[in-house]
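First up is the structure itself, then whatever we jot down about it.
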Amino acid sequence: MMKMNILKNGFQALIIVSLMAACSLGEVLEPSDGVNMALMETVDTVVAIPGDTISFKFIASTNGATLRRIEIVEKSHNFNELKDSIRFALVDETLELTVDEEGYLSRPVSTVMMIYPVIVPNDKAIVGEVLSMTFKAHNDKGKSGSIKSSFKIVNYIRNTSWLWLYKLAGKIQGSMFFNPAKYKVYSNSSFGTHKDEIDVAAYTANDGKHYFLNPADKETQTLFVTDGMEYDASTMRTTKFISLDHVNFDLAGDTELEQMDFSKAVNKIEVITGSVVGFENQDGRRGIMNVKISSSIYPTIQCKFQAVAKKQ
């Protein structure tokens, strides 16, 4: 029998808030001897990339009866199911709750949230497909309910936390080098050991205008050396940029990344609040940056970046 960990109260409270954002808690817990089920996601389309570990999350509830079994009745792909890592919430955490290979619960419960982790097949061919599993819960009165949980497989990693990307005008301070693959920035003191990961450099001119730069361009070297840095552009990676001000960053996905036209790309691009910038690194991986100039007048970014390069 697989043992599952019971989640703590703080996490349970967070789950309830998430559930209420996704659906009406009353709809799930309405008086009935049937089985009611609801998804736990708070966004319309949940995305993942090949090789990701994802979790199908849902709540099952019955009134005037007890839940006895939760089974998988359909799955769209051959998932690597992490059954030893299944978790439960919204139950008495002082009492162990487990589930066997056939889906039978070790003890009766009236309401439970199940978090069922799987590894997405590491196959680039499934990009664009929708992966799903359908779960069916049964109570001790012979009633049942089912729900289908889905993920869309994409070829980009989305980072929506705002990240500083700037260099102080005329100085060497700032988070001026960007690694989109790891979503990290480096300063003058730390970039030297990460040259093979850096795809974007940042620069602020004396007139206060902000630019993103090709790290391998000679002009980038001239600007940085003039400000007192030790910098050799020939040791850096190459990146080219285009303006995508007509693109909605929040809605952009694989199609926008793949259809970007770099025939008129540049090595240096000015950015302001609201700028959307497309870039392609020397490996052919593409990204989109969303720019906001913060209250302290320096750029911050969000980024979507391809997991693997797509041949054009």
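The values are calculated or read from the model by the stated rules, or taken from the named source; none is laboratory data. Bear in mind that the values here come from a model prediction, so they are computed numbers and not experimental data. Positions of Cβ are backbone-derived with ideal geometry, glycine not excepted, and every protein chain shown enters the neighbour counts. The protein model used for the area step is the full one, side chains on, heavy atoms only, and it has no ligands, DNA or RNA in it. Shrake-Rupley method; radii C 1.70, N 1.55, O 1.52, S 1.80 Å.
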The chain, relative contact order in percent, only Cα pairs under 8 angstrom and at least six apart counted: 15
So, by mean Cβ neighbours within 10 angstrom, what's the order for 260-268, 58-66 with the highest one leading? 58-66, 260-268
Sequence order, segment 291-307: Karplus ³J(HN,Hα) from phi using 6.51 cos²θ - 1.76 cosθ + 1.60, θ = phi - 60°, Hz rounded, Gly and Pro as x, gives 10, 9, 7, 6, 5, 8, 6, 10, x, 10, 9, 10, 8, 10, 9, 4, 6
In nm, what is the difference between 0.36 nm times the number of residues separating residue 130 and residue 146 and their Cα-Cα distance? 3.9 nm
Tell me which lysines have Cα within less than 18 Å of residue 195's Cα, excluding those fewer than 8 residues away on the same chain? 167, 182, 184, 218, 240
Report the residues of segment 235-275 in range of a label on residue 308: point 7 Å along Cα→C-beta, backbone N strictly under 17 Å from it. 254-255, 258
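When only C-alpha pairs under 8 Å and at least 6 residues apart count, what is the relative contact order of segment 187-256, in percent?
It rounds to 28 percent for segment 187-256.
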With label points built 7 Å along Cα→Cβ from the Cα atoms of residue 71 and residue 268, find their separation and express it in nm. 6.8
May I ask you to give the solvent-accessible area per residue for segment 150-237, in square angstrom, as obtained with a 1.4 angstrom probe? 45
Residue 81-residue 162 pseudo-label distance in nm [points 7 Å out on the Cα-to-Cβ vector]: 4.4
Tell me the label-point distance for the pair residue 283, residue 169, using the 7 Å Cα-to-Cβ offset, in nm and rounded to one decimal. 3.6
With θ taken as phi - 60° and the coefficients 6.51, -1.76 and 1.60, list the Karplus ³J(HN,Hα) couplings across segment 205-210 in order, rounded to whole Hz; mark glycine and proline as x. 7, 5, 8, x, 7, 10
Considering only protein heavy atoms and a 1.4 Å probe, what is the carbon-and-sulfur percentage of the accessible area of segment 119-227? 47
In a solvent-free Debye calculation with one equal scatterer on each Cα, what is log10 I(q)/I(0) for segment 35-154 at q = 0.17 Å⁻¹, listed in the order of the q values? -0.83
I want the local charge near residue 135. Using Cβ-Cβ distances under 13 Å, sum +1 for each Lys or Arg and -1 for each Asp or Glu among the other residues. +2
Of the labelled options (1) 158; (2) 181; (3) 137, which one gives volume of the Cα convex hull per residue in Å³ as computed for this structure? (1)
